[in-house]
Structure formats: C-alpha cells, structure tokens
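First up is the structure itself, then whatever we jot down about it.
The values are calculated or read from the model by the stated rules, or taken from the named source; none is laboratory data. Worth saying up front: this structure is predicted, and the values here are computed from it rather than measured. All Cβ positions, glycine included, derive from the backbone under ideal geometry; neighbour counts span all protein chains shown.
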Amino acid sequence: MYRTVNILQYKVTSCTPSVIKIGDSAFCEIKMPQLASQLTTMYLLKPKKVSCKTTFEGMYHFTYEKEEGAGGICSSPKNIIKACQEPGSAYVDNQVFLMSYGRCQDNIYTEDKQIRYQCMGSWVNDEGYLLAGISNVVANEERERFKCLLTNKDQNPRENKRKWVKSRFSECRTLKNIYSGHERLELVPMPPATKLVQPSCNLPRNLTGTWFHVAEFQSDVKINDTHIYFKTHIDKFTYEEQYYSCQQTLGTRYLMSKIVVGKCEIDFVCFDIQPRHHSIVRFRVGKHLFVGKPNRLAHNELDSNFLMKKFRQSCTWQAFVMNRDDFNWKYDYFIFNPPTPVPCPIGGRYSFIQTGFTNEYYTTRIRGITDKPRVQVDCRNVQSEAKSCTQDMTKFEIDVEYCETVDYRGRPIGEYDEPDNILKCVGYWMEDLRSYLITYDDEDAISNFRCWVYERLSWTSLIMSRAANAKCKREQTAHSASGDGSTLRVELTESERLCKFVVCIFIIPFQNKSWI
C-alpha cells in the first residue's frame, strides 16, 4: 500500500491449497489480515525531499515518558521541537526538524541529546490516526534510523496540548493509540527565543487593562505598559496567542514586534493608536513586515539603527492601507471590558418607532411568573418609551409598552413598570461627520456590545441605526435599517412628561460636540 513517496506498507498472508481433482485447476484460498497491527512498513533508504509541515510546524515544548523502567515523565526545559519552515527557502529546514531532549535528575532513563530528523511524509490510516515517518540523518544502524509517529487530530486538547507516541524502531504496527507506544510525548506550543521580545518603549498608561476587540470578537486582548497580548479562540478547545512588544514610537504610531506562540517567524507591525476616549480606544494596524527567524538574523540587523530603519518602513502612513490612493478607511477600536459607563449623549424622554428585521425589534419582556405587571391596572394610554433621566444618565432605558395613564392626583398608575432593556452607554465619538455610540446590554443574546450611528433630524427628533454587533460598517448611516451591516433603525420623537416623580432633562446631541 502506498503511503508517501518514501513509505510503503504491505500485508503478509497465508495461502491454503484446496483438494485438487483431475481436470480441475488449482486455486488457493487467501486470508488477508484486517488489523493495522499486521502491516509491515518499508522506508526508502535514500528518501526524497518532503516538507515537514504535515508532521510538525513551529516551536514546541514537550514532556516525554518511556515504557521501559517506568522512570516517570520528564519535563525538562530543554525538551524542544523546532520545525521552522520557510516557503521557497534554499536551506533544508523545510524538510528537517530538530528534537532536543533534556535530562531530568530524578530519571535515569533520560539524557541530554539533540537529534536531527528528516521528514518522510504522513498519512491517515483506516482508524483515523495520523501517522508520520521520520529518519535520523546521523544514525549508524538502519533499525535505529527510522521512526514512526502517531497522533490523533481530534483530541480536544486542554491548553493546546497534543499527545504523540513514537516507536522504538521503524515499525508502525507497535503504535496502537496515543497512549500506547515506546515513547509518549505531550506537546505544547512555545514562543520563539528572540531579543525582539524585550520592549524599548512604553504604551500610553491609560491603555492598561482588558479589552474587547470588535473585529475579532473571539479574542481576549490584554494591554500593559509595554505589551499587547491577543488570545484568539479558534474553537472550543484550541486558541492562538500573539504578543506585540513596543519597540519604537513617534506621536501616535508605535512600532511593535509580533510573535505567535508556536510559530518561528517574527514580524514588525505598526499601530496607530488614538488617545483613549471614555472606554474606547481607536487604532489602525499597518502592513506586516516580515523579519525572519531568530537564527536567520544577522549581527548587523540588531545595531542601533536597525529599529529606526524598520520604523521608517513599517510606520509610514502609506503602510496603513493596501493602496496609497485608498482614502475610504475607518478606525478599528477596542472596548474596555468590563466597560465603565459614561453619561449618554442623548438625554430626555422619547417615543420611538422601530424599523428593520422583526426578530431584532425590542419587545416587551415580562419578568417573573405573572402575565403582566399591570393586571389590576386600567391602562388606557400605552406608548413606547425611551429615556435617559437624571437618576442615572449613563443608562438608556427602553420600554416598548409603557402605561402613561395617571390617577386623579396626576401620579402615574404604571409607576411600577420596568424597562424591557437597559442600555449602558460605554462611549461615543465622531468620525467622518458621523456620530457613533457604543452601548452595553448584559441581557443581549446576540452581542453584549452594540454600535449605533445616530443623527439629530430636528429639535425634537432623532434617528438611530443599530449594527448587528459591536462594529459599525463604514457604509452604515443613521438611516440604515436592514442593510449596510445594520439590523434595526429607531426613530425617536421627544415626549417630555411633566412629572415630579421622574425628571428627564432633554439633551440634544450636536454633531460637532459629540466628544463632550
């Protein structure tokens, strides 16, 4: 059976002859083995070049345990797998990887050694396991030269850990599963060792904290004085970690070195970070400038002018757009998480009309077990209500069915009504003559953070467009209802109510003062 250009497997069978009669032709009954443990593996003695990307790619720290002696698990810091591929490279690093072992003092079956393996290809067997063949390029004996590896891609690992097993000799049939093998390995991605991780400048102090990235809502972002850390969840069990280290700064531009945990490459990328406003930090990211691998960096590339040259390349204003004539760009932004509420730019009491996708409408929410809170109340005037009042100007309360009927004393009989949704204002700003507002609703089933584009139509009316999530597209305007990334439009009309029980000061959001 063909596995790779360097590996073949075959089955050994037995032939049982039948009783032959005169005039009949002889035939054999062949019994083929069905188990993978009965396969014999053959390796090409002069292997062809095969990329290691399907076997190992990147930097890993591993723990290992051998079967004989039960010496226990060795977790030396020297246990490193280094498989750094570079497309188009003239070197052989695309076809080989280094596997370094460290000695554990309490385990006599461990030792310090480094082995250079050549990849011979990988395949998936009938049971769904991934197998790979490797060759020790300096082994003296043929049986010590070739090894077989086995893993399972669907391990659902915790903390990005993956289990492998390695055979003692060349036979793959000795590997049954990821827990049975001569040498059991557990791999964890590790960052590359480089001097460029050390910071040489500082970020603004008020950026320190945990942030929500609107463009990558599955990412956790943490910022301190010198570093930006991204943890992006790829699926339920695996994630990717990125570290950005501040190297050079000028004005609002910051040259950052980027490393990815488990990768070998180092990049330079420039951030254009605007001053923090409320719980919002707007920024742009430039093009990535590939630096290379740590072992490929020349000595003259780490001189005093090295970072200055990279800053001029990465942080030029043209580097923030793919096309220098492209002026139709927009800032991304971080949202402080959990947010700090700020007074809403819209104050007062309004009635509203909703337009857009009906499943995105605000609806009456009855909390508790009663049918309605006003069962015993004769409510003759039901109106929609959206308000931000003096009790807490950081909240914008929405009630789809509010009872406006009053008793003989002028007291609202629906004073015990509760709002259906309470939006907390997180921050607002103006960009390209459009006013943006970020709200937070911890009971929103789709997105806790929502982006709004709002506009004042007259002295008593407003219009607001809500995005599908925390990011407003550039095409979205205050009049967007079911397109341009928006799902809902709310038209507000001033509906002031003179009542000593509720004081809602009417605040008009001027477009040129949206930062106040």
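Key figures
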quantity: Subset of the stretch 136-155 [touching a Ser or Thr at 6+ places or on another chain (Cβ under 9 Å) and either surrounded by 13 or more Cβ atoms within 10 Å (Cβ to Cβ) or under 21 Å from residue 237 (Cβ atoms) (or both)]; calculated: 145, 146, 147, 148, 149, 150
quantity: Residue check, residue 165 of a type in the set (Val, Ile, Thr) and surrounded by fewer than 16 Cβ atoms within 10 Å (Cβ to Cβ); calculated: no
quantity: Selection count where residues are among the hydrophobic types (A, V, I, L, M, F, W, C), more than 24 Å from residue 180 (Cα to Cα) and modelled with pLDDT under 85, scope the stretch 70-109; calculated: 2
quantity: Output for the stretch 305-328, where each listed residue is without any contact (Cβ under 8 Å) to a residue 60 or more places away in the chain and assigned to a loop (DSSP other than H, G, I, E, B); calculated: 305, 316, 321, 322, 323, 324, 325, 326, 327
quantity: Meets criteria (assigned to a strand (DSSP E or B), under 29 Å from the mean Cα position of the chain (by Cα) and farther than 20 Å from residue 40 by Cβ) for residue 81; calculated: yes
quantity: Some residue of the stretch 133-141 being in contact (Cβ under 8 Å) with a residue 12 or more places away in the chain and of a type in the set (Asp, Glu); calculated: no
quantity: Condition check for residue 232: closer than 29 Å to residue 131 by Cα and not in a strand (DSSP E or B); calculated: no
quantity: Strands (runs of 3 or more DSSP E) enclosed by the stretch 1-58 - at least 3 residues per element that are within 24 Å of residue 170 (Cα to Cα), at pLDDT 85 or above and touching a strand residue (DSSP E or B) at 6+ places or on another chain (Cβ under 7 Å); calculated: 7-11, 39-43
quantity: Selected residue (only one of 186, 216 is part of a strand (DSSP E or B), under 30 Å from residue 163 (Cβ atoms) and in contact with a Ser or Thr (Cβ under 8 Å, 6 or more places away or on another chain)); calculated: 186
quantity: Pairs, first outside the structural domain of residue 200 (by TED's automatic domain parsing) in the stretch 262-284, second outside any loop (DSSP other than H, G, I, E, B) and surrounded by 18 or more Cβ atoms within 10 Å (Cβ to Cβ), C-beta under 8 Å, six or more apart; calculated: none
quantity: Residue in the stretch 53-71 that is in contact with a helix residue (DSSP H, G or I) (Cβ under 8 Å, 6 or more places away or on another chain) and either among the charged types (D, E, K, R) or in contact (Cβ under 8 Å) with a residue 40 or more places away in the chain (or both) present; calculated: no
